[in-house]
Amino acid sequence: MSVVTEVSQDGKKLTISIEGRFDFGRHQEFRESYERLNSKPESIVVDLKKATYLDSSALGMLLLLRDHAGGDSSDIRVVNSSSDVKKILAISNFDKLFDIS
Amino acid sequence: MQPLEPLTILIAEDSAADRLLLSTIVRRQGHEVLTAANGAEAVEAFRSQRPHLVLMDAMMPVMDGFEAAQQIKALAGETLVPIIFLTSLTESEALARCLEAGGDDFLAKPYNQVILAAKIKAMDRLRRLQATVLEQRDLIARHHDYLLNEQRVAKAVFDKVAHSGCLNAPNIRYLQSPYALFNGDLLLAAFTPAGDMNVLLGDFTGHGLPAAVGAMPLAEVFYGMTAKGYGLSETLREMNAKLKRILPVDMFCCATLLCLSFQRGSVEVWNGGMPDGYLHSTASGERIALTARHLPLGVLSPQTFDDRTEVFPMAVGDRVFLLSDGVIDTCDANEQLFGVERLEQVFAANRQPDALFEEIEQALRDFRGEARDDVSMVEVSLLEAAQLSPPAPVYSDSGQSSPLDWSVSFEFRAATLKRFNPLPYLLQLLLEVHGLRAQSGALYSVLAELYSNALEHGVLGLDSSLKRDASGFARYYQQRNARLDELRDGYVRVHLQVMPKGEGGCLSIRVEDSGKGFDVARVMERPVDGVRLSGRGVSLIRQLSHHARWTDNGRSAHVEFFWEALA
């Protein structure tokens with residue numbers, strides 16, 4: 001599994017971890033990781049610790065997640081980005097939409 | 001396993017007894033039988049009746065089985081018609097000859113019914129497999145043809161739209177794959193009515209047709225609004241709103257938009273999600289990075305979209321260089337990225353500005369060994385305004401309804417000044433007067449200068465001497481944005497009056513503002529030139545229009561345009 005999902009015990013926090021390349025090949029898995037949940041989590045963490053690469057379709061997937069989680073009122077943190085991944089997120093100015101660390 | 005469908009099987013055998021025996025066995029297994037007594041008959045039977053499979057005796061009179069097998073295989077072409085040799089030969093050399101002649105298998109005499117049935121079954125499987133492969137190959141080839149044709153048509157339509165601009169202008173050089181559209185790459189350039197040049201390099205998410213569909217509406221907004229004289233901010237707002245409205249959530253367009261003003265010697269930049277562009281100063285050799293400060297187009301709602309641009313001074317010979325991420329992401333054989341550092345090394349090593357473009361291409365080729373099809377680069381340099389000739393606009397009306405005696409006054413107040421650009425409307429109105437059309441460029445430039453002087457120096461109280469040097473230039477435009485944001489009151493009034501005069505006519509423009517005014521006599525003493533960064537507006541107005549004068553301590557500017565009888 002290259003997309004691993006974990007929901008906190010109180011059901012309020014969803015953590016999605018991506019392993020390997022975060023590109024169009026992960027599209028289906030990534031969408032299912034949040035769409036199959038019965039209740040909407042209050043906050044979402046996308047863990048990129050094991051992600052080696054991120055392309056523009058991954059950015060599109062993050063936008064889909066944000067839209068699903070309520071758009072401007074969503075609470076999404078993108079954590080453990082490598083310096084390369086951070087660079088891509090910075091060029092796209094995605095730090096204006098997501099809390100990136 | 002699915003039951004064997006009855007096949008038509010050709011039996012070529014010179015011995016009548018053997019032929020009868022085999023025919024009986026094969027018929028009993030449920031197949032239809034054709035027979036031939038020698039190779040020539042076998043070839044003829046194949047030609048006329050196309051059996052599915054052939055049982056072929058090797059040694060026959062007239063034409064032997066080897067020759068017949070070769071001819072039948074040639075006739076069958078790509079279709080697999082299995083040939084099983086019937087042979088009493090036992091030497092391996094002879095058996096090998098059967099296969100070399102095109103045989104697929106052999107069966108030793110005397111015949112074993114069970115083995116014969118099994119071999120027919122196995123050959124039928126092969127035959128079907130081959131048929132399926134051929135069918136799928138043809139299907140793929142057909143789809144591929146359709147796809148190429150669709151792309152060709154889509155590209156032809158798009159090229160009509162995209163190339164309606166001025167990519168062939170002498171100050172533009174670019175590199176783009178002919179099918180860049182299907183990588184989502186987009187390059188557009190067009191002149192504004194004032195003779196400025198707008199350039200857009202964009203990169204849609206994804207590949208193929210999905211990446212191409214957004215390009216058309218984006219190009220239409222770009223060309224439409226550029227031709228009408230809208231500024232970058234309004235054009236960006238409209239492009240963003242349109243893409244946000246029509247694209248799915250996960251699609252967007254990274255883009256850098258430039259406006260080069262040859263008259264003012266400046267470049268206005270907005271970068272949303274593209275790699276750094278570069279502004280090269282020829283005189284100092286310095287490089288300013290044009291960094292992405294914004295989210296790509298099509299992500300934010302119209303309410304939250306940020307259309308703030310940056311403005312930099314440019315001298316004649318300076319150039320702006322933009323590139324797509326295909327340049328930086330070009331990989332070598334070891335999956336190493338070309339990267340920003342290597343690109344900057346090429347910049348640093350450059351001695352002749354004119355050769356830079358080739359040097360980057362060369363560096364990419366050396367690095368990768370072959371060209372990538374999603375590499376887009378464009379270089380735009382600043383020429384003397386006179387070296388460029390923007391195409392004359394085309395008007396479709398007859399000219400019979402030209403209004404020749406009228407006047408109109410506008411007052412634009414604070415809330416309007418913040419976001420609305422009245423120039424395109426004013427220009428459109430004035431170009432209803434046919435006599436003014438020939439000088440639409442000068443008219444727009446003068447209107448734009450009068451308006452921005454009234455807004456920036458009058459209403460906003462900005463000091464043009466700030467624009468003395470490059471850093472002051474940037475500070476000036478930061479202050480402009482900040483003061484505009486805070487603006488509570490103030491106005492710009494525009495009075496237009498058109499009157500017939502002999503066979504031609506006269507347009508008089510008066511622009512007033514609510515600012516503090518300026519020392520008219522002192523500004524008028526300065527020579528009319530175009531070298532300094534500051535104070536450009538006034539000399540430009542004096543060069544392009546008649547009777548330019550300032551009254552009310554500089555708060556009221558007045559110019560005139562004339563035209564003669566129309567041919």
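What follows draws every value from the coordinates through simple rules; no lab data is involved. A quick note: this is a predicted structure, and the numbers were derived from the prediction, not measured. Methodologically, a virtual Cβ is constructed for each residue, glycine included, from the backbone with ideal geometry; neighbour enumeration extends over all protein chains shown.
For this structure, a couple of remarks:
- Separation between Cα centres of the range B:96-160 and the range A:66-90, rounded to whole Å: 50
- Long-range amide H partners of residue B:501 with built H, under 5 Å: B:506
- Gyration tensor (alpha-carbon) shape descriptor, the protein assembly as shown, a/c threshold 1.5: prolate
- Given +1 at the Cβ of Lys and Arg, -1 at the Cβ of Asp and Glu and no other charges, the dipole of the range B:8-134 around its Cα centre is 620 debye to the nearest 20.
- Peptide B:245-251 is shielded by partner chain Cβ atoms: per residue, an average of 5 of them sit within 10 Å of its Cβ.
- Backbone amide hydrogens, once placed in the peptide plane, bring residue A:20 within less than 5 Å of A:51, A:52, excluding anything fewer than 5 places away on its chain.
- Karplus (6.51, -1.76, 1.60) ³J(HN,Hα), θ = phi - 60°, over the range B:315-325, in Hz, Gly and Pro reported as x: 9, 4, x, 5, 9, 9, 10, 10, 8, 8, 5
- Fraction of antiparallel bridges per DSSP, chain B only, in percent to nearest 5: 80
- Relative contact order [Cα under 8 Å, 6+ residues apart], the range B:1-58, whole percent: 48
- The local environment of residue B:145, defined by Cβ-Cβ distances under 15 Å, has a net charge of +1 under the rule Lys, Arg +1 and Asp, Glu -1.
- The C-alpha atoms of chain B define a longest principal axis, and helix B:339-349 lies at about 60 degrees to it.
- Between helix B:356-368 and chain B: long-axis angle, C-alpha atoms, 0 to 90°, nearest 10: 30
- Positive-end residue of A:61, B:362, B:20, charge dipole of the protein assembly as shown with Cβ unit charges: A:61
- Counting neighbouring Cβ atoms within 10 Å and putting the fewest first, the residues B:513, A:55, A:84, B:374 line up as A:84, A:55, B:374, B:513.
- Taking other residues whose beta carbon is less than 15 angstrom from the beta carbon of residue B:383, and scoring Lys, Arg as +1 and Asp, Glu as -1, yields -2.
- Principal-axis tilt of helix B:232-246 within chain B, Cα atoms, nearest 10 degrees: 40
- Residues B:253, B:98, sorted so that the one with the fewest Cβ neighbours within 10 Å comes first: B:98, B:253
- Bridgeable lysines around residue B:121 (alpha carbons under 29 Å apart, same-chain partners fewer than 8 residues away excluded): B:73, B:109.
- Label point 7 Å beyond Cα of residue B:425 along Cβ direction - residues of the range B:223-262 with amide nitrogen under 16 Å: B:228-231, B:234-235
- Looking at chain A, the DSSP beta bridges with both ends there are about 25 percent antiparallel.
- Top positive-direction residue, dipole computed over the range B:115-217 with Cβ charges, set B:182, B:169, B:147: B:147
- Positive contributions from Lys and Arg (+1) and negative ones from Asp and Glu (-1), summed over other residues with Cβ under 13 Å from the Cβ of residue B:509, come out at 0.
- Going from the residue with the fewest nearby Cβ atoms within 10 Å to the one with the most, B:467, B:501, B:228 rank B:501, B:228, B:467.
- Exceeding the 28 Å Cα-Cα cut-off - candidates A:40/B:244; A:40/A:87; B:418/B:516; B:160/B:244; A:96/B:160; A:12/A:50: A:40/A:87; A:96/B:160
- Assigned charges on the beta-carbon of Lys, Arg, Asp, Glu; the range A:1-97 dipole about Cα centre (debye): 160
- Per-residue mean of C-beta atoms belonging to partner chains within 10 Å, peptide B:202-209: 2
- Expressed to the nearest 5 percent, the antiparallel share of DSSP beta bridges inside the protein assembly as shown is 70 percent.
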